[in-house]
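Please treat every number below as a calculation from the coordinates, not as lab data. Computed from a prediction, not measured in an experiment: that's the story for all the values here.
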Amino acid sequence: MPRKNNNKPDVPPVVPYVQPYALSEKAQWGGFINVRLSDEQRLEFKEWVVDNSKDVPALYIDMLGNGCKITHSFDHLHNCFILSVTGALVGADRSSRFVSTSRAGDLNEAIALTVWKHHVLTRGDYGNYRPHDSGFMSWG
C-alpha cells in the first residue's frame with residue numbers, strides 16, 4: 001500500500017491587511033473636523049443618494065472594514081441621528097485621532113450622508129476640512 005503524501009502544497013505567506021483608518025494605540029487627539037455642506041453640496045448629496053442608495057450599505061461596510069470607528073447616537077434636543085467617524089482621517093496619519101460627524105432626522109439618511117462625505121466629498125482624506133487654527137468648530 002503506498003504511503004500518503006504528507007507534504008503540504010506551497011502556500012504563499014499571508015500578508016496582513018492594513019486598515020488605513022485604524023489608529024495606533026498611541027494615537028494622540030488630532031481634533032474635530034467640521035465638514036459643513038454648502039447648499040450646492042446638499043443638492044449633490046440628494047442626487048447622489050437617489051442614484052446610489054443601493055450601494056450605501058456596501059460602502060458603509062467598506063468604511064468599517066478599513067478601520068473607521070463609527071458610532072450612532074440620537075440627539076433628543078435636536079431630534080436627529082448623529083454618526084461620528086473616528087480614525088486616521090487626515091492623510092492616513094495613524095498617529096493622530098480625528099473625528100467628524102454627520103446628522104440627519106432619519107437614520108438611513110445619516111448613514112448615507114456619512115458614506116457620501118467619506119467616499120465622495122472627502123475621498124477618504126478629511127484634511128481639507130481640518131480647522132486651520134486651534135479653535136473648536138461646531139458640529140457638522
Worksheet item: Taking amide hydrogens as modeled 1.01 Å from N in the peptide plane, which residues meet the under 5 Å criterion relative to Gly30, leaving out close sequence neighbours?
Response: Arg97, Phe98
Discussion item. What are the ³J(HN,Hα) couplings of segment 106-113, residue after residue, when phi is run through the Karplus curve with 6.51, -1.76, 1.60 and θ = phi - 60°? Round to Hz, x for glycine and proline.
Written reply: 10, 4, 4, 5, 5, 5, 4, 5
